[in-house]
Amino acid sequence: MAQADAQRQESNWETLERQDWHLWIMAVPLLFVLGISLLSFMFPSVFWLGREVAGTAPQRAFFGFCVLLALTLVYMLQRQATIRRLKRSLYLAEVAATEAEQEVHLISLTSLPEVGQFRDSLAMEYKRASHAGEHLAVIRYDVPGASTERLGQAAHLLRQALRPREALFRISAQRFGLIFPAMRSADASAFAAQLTDRVRHALPGEEIASTVIVYPDQAGTLTELEGRAHALVS
């Protein structure tokens, strides 16, 4: 749907530019013709080569230019009306796209699992990691003072960065928790920094902080991991 709207909007822009060029192409020859005709009536001896012409000839030429001017003005008014209609259509399309994007961000925020599911998933992933001898990384993102719209943008960006088995949670009003199975400390720290830069770039002016906990490097048991995790959500 979004791709179709973008293609339709691009097509409207191309049509608008084409109509604008049509007006310029019509305006330039019209100004030239009207300028020449004005000079011909102001200096008839030059343009009529000094010959005596019938009195009706200049009149016919004058009325012919008037008809040409009227037809050209009607055409230009029609083109201008088309351009105004296209501009209005593009404006409405931009407004609709902005509203749709805001709605997507809001859904990304409100549909996130919360702190209870975060704790359950953490315990399950810990058991899996301990049995398989793998690492387990938990990353917290704080966006203090952010509006709901900006929190939705952050949630959308974080969700886009996830891979299979990785999960995103909203563990408090302005805090996100992410669980990354089989991710070592160095990788988790680098990934957290990368995500932080991405969110900061998308949300300029917002204060964003991240905290990384990795099993078994910072927490060797489930109790320690849960204690550190509970400190994250407190």
Legend entry - Pick from segment 149-192, criterion in a loop (DSSP other than H, G, I, E, B) and not small (Gly, Ala, Ser), ranking: nearest to the chain's Cα centre (by Cα): LEU162
Legend entry - Test: LEU106 is within 30 Å of GLU226 (Cα to Cα), among the aliphatic types (A, V, I, L, M) and either modelled with pLDDT under 75 or not assigned by TED's automatic domain parsing to the domain that holds LEU158 (or both): yes
Legend entry - Total residues in segment 122-150, condition crowded, with 16+ Cβ neighbours inside 10 Å and without any contact (Cβ under 8 Å) to a residue 60 or more places away in the chain: 2
Inset, instruction - Go through segment 204-215 and give me each residue that's crowded, with 17+ Cβ neighbours inside 10 Å and farther than 16 Å from ALA192 by Cα. - result: GLU206
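The values are calculated or read from the model by the stated rules, or taken from the named source; none is laboratory data. In this text, all values refer to a predicted model and were calculated from it rather than measured experimentally. With ideal geometry, Cβ positions are generated from the backbone for all residues, glycine too; neighbour counts draw on all protein chains shown.
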